[in-house]
Amino acid sequence: MLYDQAQLLSVYSKFAQLTGEHKAEVEDIVDYVTQNLMHKEGGFFSAEDADSFPTESSEIKREGAFCVWTRDDIIRLLGSKNCCEGKYTLAEVFCKYYYVEEKGNAPPYTDPHDELKNQNILIMKKSHGEYAAELEVSEQELSVAIAEAKAILTVERAKRPRPHRDEKILTCWNGLMISGLTHAAMALPEKRDEYLNVAEAAVEFVRKHLVNESGQLLRSVYGNEQGDVQQISTPIYAFGDDYAFFIQALLDMYETKGDEAMLKLAFELQVEMDQLFWDDEQKTGYFNSRLDDSIIIRMQEEQDGAEPCINSVAASNLLRLSHLLDRADFKTQADNLFKGQGERLTKYPFVLTKLCTAFAMTESMVEVIVVGPKDDSFVTEVLSMVRSKYVPIRTSSTWMPPTSRTPGCRLKTAVSAPTSNDTANRPCTFARQPYVVYL
């Protein structure tokens, strides 16, 4: 599912920023999505099915057929190739690394129909370093061996029938994927331009195909057999999660790339979202759209699940916009949302983890402001430094004076009034440019 890929991409990217590890997984996720789930114009399809035909002549689809392997398959394809300076064959290393067994590794209770009998799901049960130690080889040698084995198996797997693809393109899941790409761009500086180009193409896809003639955001479009984009006769207006996730994506794009058009669009969509979904009476959060005549009772989502709920993401968006645009009304709105969810947050914080993270932003938001021409080498150096480190609760702005002035500009010198989270902490400025400030 696209939302799984997108959120895992964000998690792996942030972990890579923190530790320097799992960068390969970041690349793998982006490669899979761009090669298999991306429309030619930039949007992302929803998913590939879990089941598929094992062979071209098969008449019955099987769960996981495209991805699983028998031990005999592995030995046939990798058994004759040595690795790790001749200590092992690729098959020996691969079977140990991915827990490949003669009778398959799927627990019987997870496979009631025996679809995975004698099949192996490739899974690591230990870390890369632990496997290297057990095999008494260097981590680099092991990495080379696994990469070689994967390349051989990838060629073989390409001969199998691909799973069916769900060609529905959802605004909300595209928003999550755009956010994931921005995080990947910060985690892998060498891939930054490539990943941001993919993210920008997805933003433009949404603007072109998922906004109707009157400017209303839509829920979905579909790819057809010719590869074109088509809409159903009665388009579905965007849900709250479409707004929340896409606004989040635009804010991530702005903070990663410094494109003020992204911030402007995020602001416009937030205003529109408030008009359509905000609880005007009790001011406790976001409901179903007031435009949907089929809804008898407008309900609120009150729990994060496989995807975070609307209120959790919206609270974070409001606080980020409040800081970036110096809008006290957005801060007040977020505070009202927290109050509305207060009892649930207090009793069951584990069901609203994203909202807990947003609430932490009210106590310790770090603001990073970089002002200067984009082509200035010092500005580029500072931006690279800022983006290379993962700071969980941070907003960042990039302004290009004198022609561009983003609302909310609050540059202060080291001797000015309180700057850091409305406390007396002094700002951190860079000597060469007084316009590079941590607030």
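Rule-based calculations on the coordinates, nothing more; no lab input. Quantities reported herein were computed from a predicted structural model and do not represent experimental measurements. Cβ placement follows ideal geometry from the backbone for every residue including glycine, while neighbour counts extend to all protein chains displayed.
For region 129-147, enumerate the residues that are surrounded by fewer than 16 Cβ atoms within 10 Å (Cβ to Cβ) and either of a type outside the set (A, V, I, L, M, F, W, C) or within 17 Å of Thr70 (Cα to Cα) (or both).
Gly129, Glu130, Glu134, Glu136, Ser138, Glu139, Gln140, Ser143
Mind checking which helices (runs of 4 or more DSSP H) fall wholly inside region 298-348 and carry at least 3 residues that are touching a strand residue (DSSP E or B) at 6+ places or on another chain (Cβ under 6 Å) and closer than 14 Å to Phe359 by Cα?
On the way: elements: 310-325, 328-340, 342-347.
So the answer is 310-325.
Give me the pairs: first residue in region 130-158 and closer than 14 Å to Glu85 by Cα, second residue among the polar types (S, T, N, Q), beta-carbon distance under 8 Å, and six or more apart or on different chains, which are they?
Ala132/Ser138
Using beta carbons and a limit of 9 Å, which pairs, at least six apart or on different chains, have the first residue in region 253-275 and crowded, with 23+ Cβ neighbours inside 10 Å and the second one outside any helix (DSSP H, G or I) and among the aromatic types (Phe, Trp, Tyr)?
Met273/Tyr286
Can we say Ser46 is of a type in the set (Ser, Thr, Tyr) and either out of contact with any helix residue (DSSP H, G or I) (no Cβ under 6 Å at 6 or more places or on another chain) or surrounded by fewer than 16 Cβ atoms within 10 Å (Cβ to Cβ) (or both)?
Details: of a type in the set (Ser, Thr, Tyr): yes; either out of contact with any helix residue (DSSP H, G or I) (no Cβ under 6 Å at 6 or more places or on another chain) or surrounded by fewer than 16 Cβ atoms within 10 Å (Cβ to Cβ) (or both): no.
Spelling it out, it is not the case that Ser46 is of a type in the set (Ser, Thr, Tyr) and either out of contact with any helix residue (DSSP H, G or I) (no Cβ under 6 Å at 6 or more places or on another chain) or surrounded by fewer than 16 Cβ atoms within 10 Å (Cβ to Cβ) (or both).
Filter region 86-123 for residues that are surrounded by fewer than 12 Cβ atoms within 10 Å (Cβ to Cβ) and closer than 22 Å to Glu25 by Cα and give the result.
Passing the criteria: only Ile123.
In region 49-80, which residue that is aliphatic (A, V, I, L, M), surrounded by 14 or more Cβ atoms within 10 Å (Cβ to Cβ) and in a loop (DSSP other than H, G, I, E, B) is nearest to the chain's Cα centre (by Cα)?
So the residue we want is Ala50.
Which ones in region 364-385 are charged (D, E, K, R) and touching a strand residue (DSSP E or B) at 6+ places or on another chain (Cβ under 9 Å)?
Scanning region 364-385 gives Glu367, Lys374.
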